[in-house]
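Just below is one structure, and these are the notes that go with it.
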Amino acid sequence: MLLTLADVLPSAAAALGVHGYRDRLGISPVNHVVVCLIDGLGWHQLQRFAGSAPFVSQQTARAPMEAAFPSTTPVGLASLGTGLLSGQHGMVGASFLLPESGRLLSPLQWGGDPVPVAVQPEPTIFEAVARAGRRVTIIAPGAYQHSGLTRAALRGSTYRPSEDIEARVMELRRVLTDSDQSLTYVYWADVDRTGHESGVGSHHWRAALATADQLVERLHAELPADAALIVTADHGMVDCPVDYRLSIDLTPGLRDDVVHVAGEPRLRHIYTRPGAQANVIATWQAVLGDRIRVMSRQELIDTGRLGPVDDMISERIGDLVAVAEGQWMLASHTDARVSSLIGQHGSWSPEEMDIPALIVRRA
């Protein structure tokens, strides 16, 4: 069975001796597990630009695992935190409709409304590990500490705000020194941010990758002999040149009978007027052809990419879902800033879905 991001924390819990979990990653029994997630670093990008990440690239090679689908940060972090795919934890995209309120939720801009535990009530692996008596810590920027996404997907840990490499290393040193057994999650955002703005492989992107590599090397240097460092990501990224950008708002027919446009440029959730779904799907398929895969909600569920889908979650998925192929994307005024960026993700290409699954130990 294919490994996914949802297997990381259950494997870490099992390696720490927490009952009820299976170590599918093969971490083996340890007293400390550090999970470093580099946002936006796909496995294929890491292979292509290995020279910018010499420390990570020299680690024992292993096949990639899959990101959670859709390949976007809210989905990935929720799958990491809960050990579930999106059909169960309910974060089904970069934005999506909450049918009970008729509101669109954008998890990356989420404060306290709606209540995070109401949107994502599934228990987290962090909560289970903490209940088992292991120390659980998140080391990440302070801006995310009280966000709705953190409280929905990653609750159950002690949050240590840290803004740079040095601060993250210092916090990890404290955890490893002060606890007999621990699970620590370290988040690094800059590769994703730079890829969006400058494109994969650009000078700025390669510099951001080099900095992330330095972070991993510094974290590794802190490990005692009874520890393991897991290096992974939430998704990869593709560049979408201007000539590959289709506008939902300016393309004739695409706004007809559409109530809400959600998701992101590489995967759109489209919510239609009652009774109009079939006509909208037919129109979108005719207009977009093989550039964008257009399917109904049930057709997406039937692909199995969301895992088992809870009935209460299914209505969060668009009446139709548009999944970009190749380098295509669907721009919209609903997220004009995101639609203007060169680096994109959310779809199911290997460049977006294949992510690292590196296990690094002290020699």
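Note on the range 180-310: Rg/Rh from C-alpha atoms, Kirkwood Rh, equals 1.12.
Sorted from longest to shortest, the spans of the Cα atoms of the range 158-246 along the three principal axes equal 55, 23, 22 Å.
When Rg is the radius of gyration of the Cα atoms in the range 4-60 and Rh is its Kirkwood radius, what does Rg/Rh come to? Please list the in-between numbers first.
Values: Rg = 13.6 Å, Rh = 12.9 Å.
With Rg and the Kirkwood Rh in hand, the quotient comes to 1.06.
Projecting the Cα atoms of Pro64, Ala357, Gly156 onto the dipole axis of the chain, where Lys and Arg carry +1 and Asp and Glu carry -1 at the beta carbon, places Gly156 farthest toward the positive end.
Per 0.36 nm of contour for each residue apart, how much would the distance between His146 and Ser28 grow if the chain were fully extended, relative to their Cα-Cα spacing?
Difference between extended and current length: 39.2 nm.
Between 0 and 90 degrees, the angle of helix 73-82 with respect to the longest Cα principal axis of the chain falls at about 50 degrees.
Between Ser340 and Ser101, the distance separating the two model label sites (each 7 Å from Cα on the Cα→Cβ line) works out to 2.8 nm. Find the centroid of the Cα atoms in the range 229-262 and in the range 291-342, then give the distance between the two in whole Å. Here the answer is 9 Å between Cα centres.
With no solvent and one equal point scatterer per Cα, compute the Debye intensity ratio I(q)/I(0) for the range 71-140 at 0.21 Å⁻¹ and report its log10, rounded to two decimals. At q = 0.21 Å⁻¹ the computed log10 ratios are -0.96. The label point for Ala207 and the one for Val287, both projected 7 Å from the Cα toward the Cβ, are 4.0 nm apart. For the pair Val242 and Met170, the difference between a 0.36 nm per residue extended length and the Cα-Cα distance amounts to 21.7 nm. Ranking of Ser86, Ser296, Ser101, Ser349 by neighbouring Cβ atoms within 10 Å, starting from the fewest: Ser101, Ser296, Ser349, Ser86. If you wrap the Cα atoms of the range 52-187 in a convex hull and average its projected area over all directions, you get 9.7 nm².
Over all distinct Cα-Cα pairs of the chain, the Kirkwood formula returns a hydrodynamic radius of 20.6 Å. Using the Cβ-Cβ distance between Ser179 and Ala63 with R0 set to 45 Å, the FRET efficiency works out to roughly 0.90. Each Lys and Arg contributes +1 and each Asp and Glu -1, all at the Cβ; summed about the Cα centre of the range 242-343, the dipole is approximately 240 debye.
Per residue of the chain, the DSSP helices (runs of n ≥ 4 H) give a summed -39500 (n - 2.57) that works out to -8500 deg cm²/dmol at 222 nm. Mean sequence separation of contacting Cα pairs (under 8 Å, at least six apart), scaled by the length of the chain, corresponds to a relative contact order of 27 percent.
I need the calculated FRET efficiency for the pair Asp249 and Ala221, taking r as the beta carbon distance and R₀ as 56 Å, to the nearest 0.05.
0.65
Dimensions of the range 242-343 from C-alpha coordinates, computed as largest minus smallest value along each principal axis and given longest first, are 38, 28, 24 Å. Once both axes come from the Cα atoms, what is the angle between helix 165-178 and the longest principal axis of the chain, in degrees from 0 to 90, rounded to 10? Roughly 50 degrees, rounded to the nearest 10.
Bear in mind these aren't lab numbers, they're just calculated from the coordinates by the rules spelled out. Predicted model, so just to flag it, every value in this text is computed and none were measured. Backbone-built Cβ (ideal geometry, glycine too); neighbour counts: all protein chains shown.
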